[in-house]
Amino acid sequence: MKDYQLALTDQINKAVEDTSTSVLGMAIGNARWLVHMTDVNEVLPVPKLATVALTQPWFLGMANVRGNLYGITDLSLYLAGPPTQINQKTRVFLSSSRYNVNSGLLVSNMLGIRSLSDFEAMENAEESTPKPLGSAGKCQDREGRVWHVLNLQALVQEDNFLKIAV
């Protein structure tokens, strides 16, 4: 597991060199998602969580990460998907500090750092199908797999995301 973390950290450091076109792939529920590297502060194993009473089911609790408190959200559950099963592949990524929201987002699995040039934007042919919450659109990789693009800034500023109380 330590080797995996070191390899992921090395990939992140390399991607920082050209963050404008680098994206991080992740599995959220049953879907593949991409988030821009500039939106990710750090990726870490699921930290110990302190539960908070009377909160939404998707809000898992608070975590102390090097002296800073982060609210941890099950992103799949928040996006109206199935709850994320926590296992050895499950990760939390911390949102960029530029959004002024200490938010950690639980995802099923990290799928690696990629370049936007490896994807082709998909036109919204299905206008009647609404985009999932937090989606900035879809794209397709060279193998034909569909990926949603996460608009993290819009997500962490949504009223529903900020109102964790039931």
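In the set (1) more than 27 Å from Asp141 (Cβ to Cβ); (2) buried (at least 19 other Cβ atoms within 10 Å of the Cβ); (3) at pLDDT below 95, the condition left unmet by Asn100 is number (2). Condition check for Thr38 on (1) closer than 20 Å to Val101 by Cα; (2) in a strand (DSSP E or B); (3) among the β-branched types (Val, Ile, Thr): one failure, at (2). Within region 103-128, being more than 30 Å from Ile86 (Cβ to Cβ) and either modelled with pLDDT of 95 or more or assigned to a loop (DSSP other than H, G, I, E, B) (or both) holds for Met122, Glu123, Asn124, Ala125, Glu126, Glu127, Ser128. Please pick out the residue among Ala80, Ala165, Ala121 that is at negative phi, surrounded by fewer than 19 Cβ atoms within 10 Å (Cβ to Cβ) and out of contact with any Ser or Thr (no Cβ under 8 Å at 6 or more places or on another chain). Result: Ala121 is the single residue among Ala80, Ala165, Ala121 that is at negative phi, surrounded by fewer than 19 Cβ atoms within 10 Å (Cβ to Cβ) and out of contact with any Ser or Thr (no Cβ under 8 Å at 6 or more places or on another chain).
The values are calculated or read from the model by the stated rules, or taken from the named source; none is laboratory data. Just so you know, these numbers come straight off a predicted model, no measurement behind them. For neighbour counting, all protein chains shown are included, and Cβ atoms are generated from backbone atoms with ideal geometry for every residue, glycine included.
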